[in-house]
Each structure stands twice: as structure tokens, then as C-alpha cells.
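Chemist: Following this message is one structure expressed as C-alpha cells.
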Amino acid sequence: MPDFHFYEPATGHGLAHNPLNAIVAPRPIGWVSTLSAQGKRNLAPYSFFNLINYTPPLIAFSSIGWKDSVANIGATGEFVWNLATRAQAEQVNATATAQREVDEFETAKLDTLPATIVKPQRVAGSPVQFECKLTQLIQLTDKDGGAIDSWLVIGEAVGIHIDTAMIEDGVYQTAKARPILRGGGPSDYFEPGELFHMIRPD
């Protein structure tokens with residue numbers, strides 16, 4: 001029988017680094033572009049991100065703290081999710097600045113593409129972008145119902161752009177885009193490796 005390290009998060013993990021986000025990994029990256037109500041651009045990566053519904057297509061990310069992305073989405077109701085890939089990994093990292101009121105497109109030297117439905121711009125070079133409209137903005141709570149300084153943003157993808165080079169015989173090729181995925185620790189990232197197939201039972 002294995003020996004388990006047990007801890008209660010409320011009293012600390014007792015390890016050199018919090019293992020939580022290393023266990024729930026790898027995770028897709030929410031590379032989110034927004035505009036403020038005054039039209040100022042913002043671009044930021046979020047590691048608490050995922051697709052949460054098919055129809056309508058809903059994606060969600062959580063922000064620890066009321067950051068520019070959340071403030072912008074709350075004010076305008078719009079954002080764009082850009083697929084973060086290995087080819088742009090350094091630029092993704094460069095947009096992780098904690099500085100307020102910074103144009104991360106300029107900081108990371110990223111070109112843009114116009115969106116079709118929403119106002120925030122798309123990241124040029126990213127092979128997939130979802131134009132999103134806000135559906136819910138929720139302040140998270142702890143088990144006792146106390147508000148915590150974390151915010152869940154849920155958006156409906158109302159327009160989806162896919163580089164046709166990523167489509168073969170009508171099927172989107174996930175690995176071909178080389179998406180990067182957030183691992184644990186302060187600097188761990190992944191890209192898809194071994195691929196295997198399983199057919200879900202009826």
C-alpha cells in the first residue's frame with residue numbers, strides 16, 4: 001500500500017511548492033484579449049481556463065484578483081480567446097505582466113487581426129480565436145459562503161476563427177496547432193505528446 005502525504009489546505013501543504021496546480025495539469029491557457037471602456041487594449045494568459053459547454057459554446061476562466069481583463073469584460077461584455085501555441089510561447093509569457101494599464105500587444109510585439117463581431121482584437125499568428133460575449137461574471141466564495149478575491153468569467157463564443165491549415169478532411173487537428181498547456185510549478189508547460197484513440201461507448 002502506498003504511503004500518502006495528506007494535508008488540509010486550510011492549514012498548509014507542508015511541501016516546498018503548492019502541489020495543487022501540478023496535480024490538476026496540464027491545463028489549457030486562456031489567452032484573453034479585451035478592450036477597456038476607453039478603448040485601451042489588454043492581453044493576458046490565465047491558467048484556470050476551459051471549455052465548459054457545447055451548445056451554446058461556453059468557455060470560462062478564473063482570475064485571482066480583479067485584474068484589467070475582468071474589469072474590461074465587466075465594462076464591455078466582450079473578449080477574445082486566442083489559442084496559445086508553442087510558436088508564440090515567449091509572447092504568451094511576456095503578456096503575463098502584473099502591471100496595470102499596459103498594452104501587452106506592444107510589450108510582446110504582437111500583431112493583431114480584427115474581430116468580426118466583437119471589438120477586442122485577435123492575436124495574429126494564433127491559429128484559433130473565439131470571439132466571446134459575456135454570459136456570467138461571478139465572484140467566487142469559500143465553503144462558508146464568504147466572498148474571495150477570485151472572479152469566474154463565462155463567455156459564449158459567438159464567432160470562431162480557425163486557420164484552415166489546421167483542418168484536414170474536415171477534422172481539426174489538435175496536435176498540429178501545438179497548443180501549450182500549463183503544468184505545475186512556477187515554470188512548467190507542456191505541448192501534446194503521445195496521442196491515442198478511444199471510442200466512447202454508446
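Here, each number is a calculation from the coordinates, and none is a lab measurement. The structure displayed is predicted, hence computed values, not measured ones. Glycine gets a Cβ as well: all are built from the backbone with ideal geometry, and neighbour counts include every protein chain shown.
Chemist: Can you put 5, 17 in order, fewest other beta carbons within 10 Å first?
Modeler: Ordered from fewest to most neighbouring Cβ atoms within 10 Å, 5, 17 come out as 5, 17.
Chemist: What ³J(HN,Hα) values, in whole Hz, does the Karplus curve 6.51 cos²θ - 1.76 cosθ + 1.60 give for segment 142-149 when θ = phi - 60°, with x put for Gly and Pro?
Modeler: 8, 4, 8, x, x, 5, 10, 7
Chemist: Right, something else. If you average 1/r over every pair of different alpha-carbon atoms in segment 27-190 and take one over that average, what Kirkwood value in Å do you get?
Modeler: For segment 27-190, the Kirkwood estimate is 16.1 Å.
Chemist: Something else: Tell me, what HN-Hα J-couplings in whole Hz come from the Karplus equation 6.51 cos²θ - 1.76 cosθ + 1.60 at θ = phi - 60° for each residue of segment 27-32, using x for Gly and Pro?
Modeler: 10, x, 10, x, 8, 10
Chemist: Can you give me the long-range amide H partners of residue 46? Hydrogens built in the peptide plane at 1.01 Å from N, cutoff under 5 Å, separation of 5 or more residues or another chain.
Modeler: 30, 31, 32
Chemist: Below 23 Å, Cα to Cα, which lysines can residue 40 reach? Residues fewer than 8 away in the same chain don't count.
Modeler: Output for residue 40: 67, 109, 119, 133.
Chemist: How high is the relative contact order of segment 27-190, in percent, with contacts defined as C-alpha pairs under 8 Å that are six or more residues apart?
Modeler: Reported relative contact order: 25 percent.
Chemist: Could you work out how much longer the chain between residue 6 and residue 51 gets when fully extended? Use 0.36 nm per residue separation minus the Cα distance between them, nm to one decimal.
Modeler: Full extension from residue 6 to residue 51 adds 13.1 nm.
Chemist: Tell me, what HN-Hα J-couplings in whole Hz come from the Karplus equation 6.51 cos²θ - 1.76 cosθ + 1.60 at θ = phi - 60° for each residue of segment 38-49, using x for Gly and Pro?
Modeler: Computed from phi, the couplings for segment 38-49 are 8, x, 7, 7, 8, 9, 8, x, 10, 8, 8, 8 Hz.
Chemist: Which residue, 112, 55, 95, has the most motion in a Gaussian network model of the chain that connects Cα atoms within less than 10 Å?
Modeler: Greatest mean-square fluctuation among the candidates belongs to 55.
Chemist: When the Cα centres of segment 70-136 and segment 1-69 are compared, how far apart do they sit, in Å?
Modeler: 16
Chemist: For n ≥ 4 DSSP H runs only, could you compute -39500 (n - 2.57) per run for the chain, divide by its residues and tell me the 222 nm figure to the nearest 500?
Modeler: Computed ellipticity for the chain at 222 nm equals -2500 deg cm²/dmol.
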